[in-house]
Structure formats: C-alpha cells, structure tokens
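Asks: Got a structure for you, written out below as structure tokens; questions coming shortly.
Nothing in this text is a laboratory measurement; each read-out follows from the coordinates by a stated rule. Just so it is clear, the structure is predicted and the values come from calculations on it, not from any experiment. Every residue, glycine as well, gets a Cβ built from its backbone with ideal geometry; the counts of neighbours run over all protein chains shown.
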Amino acid sequence: MGPLEVDAQQADELRRAGARVVDVRRDDEWAAGHIEGAEHVPLDQLAARADELGEGPTVFYCAVGERSLMAAQALTGAGRDAVSLAGGIGAWENAGLPITK
C-alpha cells in the first residue's frame with residue numbers, strides 16, 4: 001500500500017469517525033452493491049462534481065483500488081484530505097464489512 005491507501009479496517013475506522021465515503025465505480029457496479037452510507041460519484045464525473053465533496057476527509061473506493069487511487073491522487077493534489085481503499089470493495093467484503101444494495 002502506498003501513502004494514499006488504507007486497508008479495509010482503516011477505511012472503516014475513518015468512516016466511523018465521520019469521513020465521507022465515495023464510490024467511483026460505474027452505475028451498474030454501484031447497483032450491484034456498495035458500502036452503506038457511501039456516495040456515488042463515478043470517476044468520469046469526479047472533476048465536475050469535486051465541490052460536492054466538501055472539505056473533510058474522503059475515502060474513495062472502486063472494484064480493486066485503481067480508480068479510487070486516481071481519485072485520491074487528484075484530490076490530494078488539489079490540497080484535499082483523501083485516501084483510497086486498497087483492494088477496493090472486494091477487500092471491504094473480505095474483511096467481513098457490510099455492503100448494501
């Protein structure tokens with residue numbers, strides 16, 4: 001994991017502490033299941049919708065962690081507090097953490 005990545009347990013701790021959780025996957029992936037309480041901002045819409053994310057810490061996730069790492073890098077580059085869930089929603093599920101549909 002790089003400095004912008006957190007594991008599923010760390011992501012859950014951040015979520016519980018009030019961090020915004022943002023799913024950057026496609027609509028069909030979101031519909032198949034997502035982290036409860038997450039917001040859906042597909043990666044291709046992130047630049048246009050970045051202002052919607054507010055100023056607090058943000059945890060991005062996708063299927064395996066590639067798209068969410070790009071999102072975290074983009075926001076961190078803009079001076080924001082953002083990280084990516086390493087391993088994506090699969091890592092979240094493997095850690096026994098809940099998803100919702």
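Asks: Output ³J(HN,Hα) for region 39-50: one whole-Hz value per residue in order, computed from phi by the Karplus curve 6.51 cos²θ - 1.76 cosθ + 1.60 with θ = phi - 60°, and x for Gly and Pro.
Replies: Those phi angles translate into 9, 10, 9, x, 3, 5, 10, 4, 4, 6, 10, 4 Hz.
Asks: Continuing with this model, one more query. For a Förster distance of 25 Å, can you work out the FRET efficiency between the beta-carbons of ALA95 and GLU39, rounded to the nearest 0.05?
Replies: Values: r = 21 Å, r/R0 = 0.82.
Efficiency, from the Cβ-Cβ distance: 0.75.
Asks: Further question: Work out from phi, with θ = phi - 60° and the Karplus expression 6.51 cos²θ - 1.76 cosθ + 1.60, the ³J(HN,Hα) of each residue of region 92-99, listed in order in whole Hz, and give x for Gly and Pro.
Replies: 4, 5, 4, 7, x, 8, x, 10
Asks: Let me ask you something else. Would you please give the residues with an amide H less than 5 Å from that of GLU39, counting only those at least 5 places away or on a separate chain, with H modeled from the backbone geometry?
Replies: The answer is VAL21, VAL22, ASP23.
Asks: Another question, if that's okay. Cβ neighbours within 10 Å, averaged per peptide: list 20-29, 82-91 in order, most packed at the top.
Replies: 82-91, 20-29
Asks: Turning to a different aspect of this structure: Rank by packing, highest mean first: peptides 34-41, 4-11, 94-101, with packing defined as the count of other Cβ atoms within 10 Å averaged across residues.
Replies: Sorting 34-41, 4-11, 94-101 by mean packing, highest first, produces 4-11, 34-41, 94-101.
Asks: Same structure again: Report the full-extension gain for the segment VAL64 to ALA47: residue separation times 0.36 nm, less the Cα-Cα distance, to one decimal in nm.
Replies: 4.0 nm
Asks: Sticking with this structure for a sec: Find the eigenvalues of the gyration tensor of the Cα atoms of the chain, then list the square roots of 5 times those eigenvalues as equivalent ellipsoid semi-axes, largest first, in whole angstrom.
Replies: 18, 15, 12
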